[in-house]
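In what follows, a structure is listed as structure tokens, so that the remarks can point back to it.
The values are calculated or read from the model by the stated rules, or taken from the named source; none is laboratory data. Every value quoted in this text rests on a predicted model; they were computed, and no experiment measured them. Neighbour counts are summed over all protein chains in view; Cβ atoms, including those assigned to glycine, are modelled from backbone coordinates with ideal geometry. Note: areas computed on protein heavy atoms with side chains; ligands, DNA, RNA excluded. Shrake-Rupley method; radii C 1.70, N 1.55, O 1.52, S 1.80 Å.
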Amino acid sequence: MRTVRTYTVVPSFPARLNPLRDIAYNLWWTWNQEARDLFIRMDRDAWEECYHNPVLMFNKVSQTRLAALTEDEDYLAHMDRVKHTLDAYMSAKTWYDRANENKKRVSIAYFSAEFGLHECLPIYSGGLGLLAGDHLKAASGLGIPLVGVGLAYHNGYFRQYLNADGFQQEYLQPNDFYNLPCVLERDKDGKPYLTNVDFPGRKVYAQIWRAQVGRTPLFLLDTRVDQNRPEDRTITDQLYGGDHEHRLKQELVLGIGGVRALRLMGREPEVVHMNEGHAAFSAIERMRILMDEKGLSFHQAIEANIPGNVFTTHTPVPAGNEVFGADLMDKYFGELYNRLRIDRKMFLALGRQNPHQESEMFSLTVLALRTAGSANGVSALHGIVSRKMWAGVWPEVPVHEVPIGSITNGCHIRSYVSSPLNELFVRYCGAAWSYDAAQQGAGWKGPDQIPDAEIWRVHERCRSQLVTWARGRVRDQLTRAGASMKDVEHADDILDPEVLTIGFARRFATYKRGTLLFRDPERLERLLANTDRRVQILYAGKAHPKDNAGKQFIQTIYKMSRDSRFKNRIIFLEDYDIVVARYLVQGVDVWLNNPRRPLEASGTSGMKAAANGTLNCSILDGWWCEGYDGENGWAIGRGEEYSDLDYQDDVESRALYDLLEKQIVPLFYERTAEKVPREWVRRMKRSMATAYGAFSTHRMVREYFEKYYGPSGERWTAANANNFQIAKELWDWKMTLYQRWAQVRVENATAESADGLAVGQKLKVRANIHLGPVSQDWVEVQAYCGPLSDVGAITLGKAIPLTPAGSGNNGVYTYEGVIGCEQSGRFGYEIRVLPKNKNLGSTFIPSLITWG
């Protein structure tokens, strides 16, 4: 076999231009327009050819051009100014520094299978990745000591094109990490770090790339190294590629390899944030470390580990949560069972809602829920959905009390607001306008300071840029498809820069109903054929390669766009990515979103559109339940949920047509003498204020820190202090409770004057509880009360603590308390007994809850 020996060549840069390297290798430039302008000025054609990748562009720019730049005083001044701004940003005192001045610094690692930072680093597929990328950017802005951990996909996610019949086709485009804004992490001897993961009969190795995101490093594990077998080098080839076993391998590298990589580099975190279940194996590795190196038992390691884990679930559809069969788990974890000193059943129980159901698949979401001290959904409604979905993990707990909270997603405003709009805000509100908006929240009035006409002119400019760009995109699509020259040239006639433009762009899962607008083609035809009030629609999005139903939705749209009734007014843009998204959210007038409620977890694309003054027209699902205020867009329906899906499509498509015909289209074309749609612009301003104040990742990440990261770091430190004394004592206490809890029961409960109470009165409750050998100090007794449903069940109850009121004989104790009567109606109460310990993160421990 022939041997290929490798070497690396880097661009030859004049010393005077060295600051360009520092700027290019810090993705801070992705949200700083002056920095991007610096690269554009180098060579605009090369910038576009390299898909806005400055590192690759350096290889394309001629030495003659570089020499000329060293003589261009204006360019050098521009470069020095940007470098100074970057240096000042990196060294500035941050929100975290000020808010935690006298507290112990907490280190956080954010694990995610994908990160969407910029089009030049294509290691993302959609909303989950873009949210993760925005999370890192916001952490950088806030100065939170957080690092990202992901995988270096050599083929990224698939690229898309449509065949002659409009059916989605996929192909892969390689990523050359040596020509991306990433560097290999090296040890003190200059050798690349190499972490490893135990696989059956071998180790799999991974080198570590770093992408610097402002102050926040992102570490990407890469298995394409010589130390691996050929089949193992492909583990990090493609995002969400391969079969079920391949996905498991990727998740092992991410979770276990990620923890080992951080330790190898001296960056072991106190808090690990598992962004979706893909990263759940990180919890297993942290437990193994505590057992191997600190001598803890399996259960002690769980108690020591739980406080430092945070889990976010994004998927409201059960099928979207990763599960594996026991045979596959045995194959990759069989050797670990012995190392953890537990049996197979005990290990697999960590990933099962019912630990005793041996036929149940092993779920990464359940593993994350069982090993995290805090868990959340990504909008208020998604929190409700998640509590219902995963109630089986806590079978004795009322659904609304299931310990899964919510933090509503946000978007990184500066990454998506158009340059003209940013310049407008800088002029009227100051350079720190986006920070001020995030700080002031809903009270920020920045958009109101800008004249309507100026906002409208900026938006018309963005719509015109969108139309020009879309024509070029369609021209390229037709050329690749082998269309005739006449058809290619006709692309210059599609769309109109002065027409009401609707955008629909997202993953083409069937529940998102990308074809809902075509439910009544005749009605749609009348809407688009109105020459006085014209409308055009832009679509974009990818279906998963195995989702044929989603592909058929795309095909339907494509065929409609070719229909003579809709030609030039409905366009499908291929290969949806960050670039396509940016043009659309900045340039369309209406952002359409019509999923089946409640299946949209969040919907951050709508936030990005709102940040640009684009008005959302959406089902009340995900973030729009919280964002819609009646003045900043439109709601399709009133939040109804249906069991008859065909009927739902009929009802909601008609509601959508009504909104378009009677409200949206007329309002857009209602102009003043200056040709400004004042009422439309008023809604635009309201839309922007909503996005900037409440739906930025600045707000989101700060909420994560205050609600989860900070408290988790404190609990982790406490649990691990004094040779893990708290963790050890907590497990010993739990083990004693497990042994004795069967004797805990509610003997009886009585209430005084249970009928005919008036609002404002109080119901006195008394209960006798048999605790047996369980100490009173170890339990909390509560009256769980609330309104009754038509079948006599308590709905949305609340817990009222009862206090000891005397001890009885034979281990029976009396508790009493009062229930306030705040409203009229039919109510009920139950008595329950829960474990109580100041070191518990949650009082809801499966098998340690007694009702009576």
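The listed residues are MET79, MET57, and the only one of them that is touching a Leu at 6+ places or on another chain (Cβ under 8 Å) and either aliphatic (A, V, I, L, M) or closer than 23 Å to HIS135 by Cβ (or both) turns out to be MET79. A search for C-beta distances below 6 Å between a residue of segment 14-26 that is farther than 19 Å from LEU180 by Cα and any residue that is of a type in the set (Val, Ile, Thr) and open to solvent by less than 40 Å² (accessible area, probe 1.4 Å), counting only pairs 6+ apart in sequence or on different chains, returns PRO14/THR70; ARG16/THR70. Exactly one residue out of VAL665, VAL701 is under 30 Å from LYS103 (Cβ atoms), open to solvent by less than 30 Å² (accessible area, probe 1.4 Å), in a helix (DSSP H, G or I) and of a type outside the set (Asp, Glu): that is VAL701. Those strands (runs of 3 or more DSSP E) of segment 80-189 in which 3 or more residues are open to solvent by less than 40 Å² (accessible area, probe 1.4 Å) occupy 108-112, 146-151.
Checked against the criterion of being open to solvent by 30 Å² or more (accessible area, probe 1.4 Å), under 24 Å from GLY606 (Cα atoms) and not in a loop (DSSP other than H, G, I, E, B), segment 480-500 has no qualifying residue. Within segment 455-477, the residues that satisfy the criterion of being farther than 20 Å from VAL488 by Cα, of a type in the set (Lys, Arg) and touching a residue at least 12 places away in the same chain (Cβ under 8 Å) are ARG461, ARG463. For the condition open to solvent by less than 10 Å² (accessible area, probe 1.4 Å) and under 17 Å from HIS244 (Cβ atoms), PHE311 does not qualify.
Taking segment 315-324, which residues are surrounded by 15 or more Cβ atoms within 10 Å (Cβ to Cβ) and in a loop (DSSP other than H, G, I, E, B)? Once the filter is applied, which keeps residues that are surrounded by 15 or more Cβ atoms within 10 Å (Cβ to Cβ) and in a loop (DSSP other than H, G, I, E, B), segment 315-324 yields THR315, PRO316, ASN321, GLU322. All conditions in (1) surrounded by fewer than 17 Cβ atoms within 10 Å (Cβ to Cβ); (2) in a helix (DSSP H, G or I); (3) touching an Asp or Glu at 6+ places or on another chain (Cβ under 8 Å) hold for VAL467, with the sole exception of (1). Applying the criterion of being in contact (Cβ under 8 Å) with a residue 24 or more places away in the chain and surrounded by fewer than 16 Cβ atoms within 10 Å (Cβ to Cβ) to the residues of segment 734-744, the residue that is farthest from GLU270 (Cα to Cα) is GLN743. Exactly one residue out of ARG427, ARG473, ARG461 is in contact with a strand residue (DSSP E or B) (Cβ under 7 Å, 6 or more places away or on another chain), modelled with pLDDT of 95 or more and open to solvent by 10 Å² or more (accessible area, probe 1.4 Å): that is ARG473.
Of all residues in segment 672-707, which are within 20 Å of TRP634 (Cα to Cα) and out of contact with any Gly (no Cβ under 9 Å at 6 or more places or on another chain)? Break it down into steps so the answer makes sense when it comes.
Step one: of segment 672-707, the residues within 20 Å of TRP634 (Cα to Cα) are 677-695.
Passing the criteria: PRO677, ARG678, GLU679, TRP680, ARG682.
Go through segment 348-357 residue by residue and tally those that are out of contact with any strand residue (DSSP E or B) (no Cβ under 9 Å at 6 or more places or on another chain) and either part of a helix (DSSP H, G or I) or closer than 24 Å to LEU296 by Cβ (or both). Spell out how you get there, then give the answer.
Pass one, segment 348-357, residues out of contact with any strand residue (DSSP E or B) (no Cβ under 9 Å at 6 or more places or on another chain): 349, 354-357.
Within this subset, residues satisfying the condition of being either part of a helix (DSSP H, G or I) or closer than 24 Å to LEU296 by Cβ (or both) are 349, 355.
Qualifying residue count for the region: 2.
Does VAL651 satisfy the condition of being surrounded by fewer than 22 Cβ atoms within 10 Å (Cβ to Cβ), in a helix (DSSP H, G or I) and touching a strand residue (DSSP E or B) at 6+ places or on another chain (Cβ under 8 Å)? Let's see the steps before the verdict.
Working: surrounded by fewer than 22 Cβ atoms within 10 Å (Cβ to Cβ): yes; in a helix (DSSP H, G or I): yes; touching a strand residue (DSSP E or B) at 6+ places or on another chain (Cβ under 8 Å): no.
It is false that VAL651 is surrounded by fewer than 22 Cβ atoms within 10 Å (Cβ to Cβ), in a helix (DSSP H, G or I) and touching a strand residue (DSSP E or B) at 6+ places or on another chain (Cβ under 8 Å).
For the residues LYS764, LYS728, LYS707, the requirement of being more than 40 Å from the chain's Cα centre (by Cα), open to solvent by 30 Å² or more (accessible area, probe 1.4 Å) and of a type in the set (Lys, Arg) singles out LYS764.
Does LYS567 fit the bill of being surrounded by fewer than 23 Cβ atoms within 10 Å (Cβ to Cβ), at pLDDT below 95 and not aromatic (Phe, Trp, Tyr)?
On the way: surrounded by fewer than 23 Cβ atoms within 10 Å (Cβ to Cβ): yes; at pLDDT below 95: yes; not aromatic (Phe, Trp, Tyr): yes.
So LYS567 fits the description; yes.
Among the criteria (1) touching a residue at least 40 places away in the same chain (Cβ under 8 Å); (2) under 21 Å from ILE404 (Cα atoms); (3) open to solvent by 50 Å² or more (accessible area, probe 1.4 Å), the one TYR829 does not fulfil is (2).
Please state which one of GLU276, GLU293 is among the acidic types (Asp, Glu) and in contact (Cβ under 8 Å) with a residue 60 or more places away in the chain.
GLU276
In segment 791-811, the residue that is least open to solvent (accessible area, probe 1.4 Å) out of those that are within 28 Å of GLY825 (Cβ to Cβ) and of a type outside the set (A, V, I, L, M, F, W, C) is GLY797.
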